[in-house]
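Rule-based calculations on the coordinates, nothing more; no lab input. Since this is a predicted model, take the numbers as computed values, not measurements. So basically every Cβ, Gly included, is an ideal-geometry build from the backbone, and we count neighbours across all protein chains shown.
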Amino acid sequence: MRLLLILTIAVSGIGVSAQVADARFTPSEDFNIDLTFFKMPSGRPVGSTAGISMHPDGSSLWLFDRCGANNCIGSELDPIMQFDLEGNQLLSFGANMFVRPHGIFVDTEGNVWVADGEGPNGEDPRRDGKGHQVVKFSPTGEILMVLGKPGIAGDGIDELNQPSSVLVAPNGDIFIGDGHGGRSNSRIMKYTAKGEFIKSWGARGAEPGNFDVPHDLAMDSQGRLFVGDRGNNRVQIFDQEGSFIAEWEQFGRPSGMFIDDNDMLYVTDSSSTPRSNPGYGEGIRVASVHDGKITLFIDDPDEDGTQEGVLADKQGNIYGTLTGGMALRKYVLK
């Protein structure tokens, strides 16, 4: 509610037109950054962390970390970790299963879905038989489902190639953002709750309905699917059958996305530069899903940081994860 109050003030005070027009670029001063909120086990470093998700009852946070490094090759650390709202770790699992952890999503039953965004490279045998998969775990770490073939990159209906993101709709349908640039795929995959293929859409390109790195997914209260099409500097919006609705370019280069219970959309920009996206700075932008107008911008204070994951709790605090810079943040309202 405090965050909603700030957003309301931002669009209702003196100088409204100028403030709204500049909201994409004018940093907010309403938050302090807490870099010590997440209390890691003794000796366990924070790694490159692309994904963060909220438990369905709002009582805890889940992270998918690259094993204290840039990947999990040769590591014995658990990349999937659960923390309470005081920052204490509750449990962890997933050691020796992944190559390069990427997206994470927790469904309405508390099951944890993760995307492994790389696979074998022909050089390191420790990668063999791993990667290019989405895995569903129970809340305690039991494997319930696997989509994709282990260590095999492909474009078939049962294959994935560098999946970046996963989301489960309220009815159980599964959506995967399949691809992360290079020679990977550029499509959205849709499966039933049982993992049966339904359809896919998209290919590499900048036209509506095509993608260049479908980096993250989010769904609003209307059931519309938001895709962070990072390589094309836009958010695309679809219905659940893949029909194009709209595209928004005001969020920079979207890496992470989250939609809260009030239909506020949070988007991280981790890679805008004067060359890739002139005029935009890295950070978090917030807008209503109803009109897409930016009402809050939190800039990234770390020049070497690349913030990707994002979510917000019911108290208005915002959480962010970094890949480059290897840090976890809690943005606390002043």
Cα radius of gyration and Dmax for the chain (Å): 18.6, 62
Where labels lie 7 Å past Cα in the beta-carbon direction, separation of Asn262 and Ile33 in nm: 2.4 nm
Using the beta-carbon distance between Ala206 and Asp239 and R0 = 30 Å, what value does 1/(1 + (r/R0)^6) give for FRET efficiency, to the nearest 0.05? 0.90
Counting pairs of alpha carbon atoms under 8 Å apart in space and at least six apart in sequence, what relative contact order in percent does the chain give? 16 percent
Taking a cut-off of 25 Å between Cα atoms, list the lysines near Lys190, but don't count ones fewer than 8 places away on the same chain. Lys130, Lys136, Lys149, Lys199
Got a sec to turn the phi values of segment 280-287 into Karplus ³J(HN,Hα) couplings, 6.51 cos²θ - 1.76 cosθ + 1.60 with θ = phi - 60°, whole Hz, x for Gly and Pro? 9, x, 6, x, 10, 10, 10, 8
What does the charge count near Lys330 come to, summing +1 for each Lys or Arg and -1 for each Asp or Glu among other residues with Cβ under 10 Å from its Cβ? -1
Give, as a single signed number, the net charge of other residues whose beta carbon lies under 12 Å from the beta carbon of Ser255, with Lys and Arg counted +1 and Asp and Glu -1. -3
Using the Karplus curve 6.51 cos²θ - 1.76 cosθ + 1.60 with θ = phi - 60°, work out ³J(HN,Hα) for each residue of segment 209-223 in order, rounded to whole Hz, and write x for Gly and Pro. x, 9, 9, 9, 6, x, 6, 8, 10, 8, 9, 8, 5, 7, x
Measuring from label point to label point, each 7 Å out along Cα→Cβ, what is the Arg275 to Asp302 span in nm? 2.3 nm
The chain: calculated mean residue ellipticity at 222 nm from DSSP helix runs of at least 4, using -39500 (n - 2.57): -1500 deg cm²/dmol
Which residues' amide hydrogens lie under 5 Å from the amide hydrogen of Ala246, considering only partners 5 or more residues apart or on another chain, with H built in the peptide plane? Ile237
Please list, in chain and number order, the residues 5+ apart from Met145 or on another chain whose amide H is under 5 Å from its amide H, with Hs placed from the backbone. Lys136
Centre separation in Å (Cα based) which lies between segment 164-217 and segment 255-334: 22 Å
Can you give me the long-range amide H partners of His180? Hydrogens built in the peptide plane at 1.01 Å from N, cutoff under 5 Å, separation of 5 or more residues or another chain. Asn185
For segment 262-268, what does the Karplus curve 6.51 cos²θ - 1.76 cosθ + 1.60, with θ = phi - 60°, yield as ³J(HN,Hα) per residue in whole Hz, taken in order and with x for Gly and Pro? 9, 6, 8, 9, 9, 10, 8
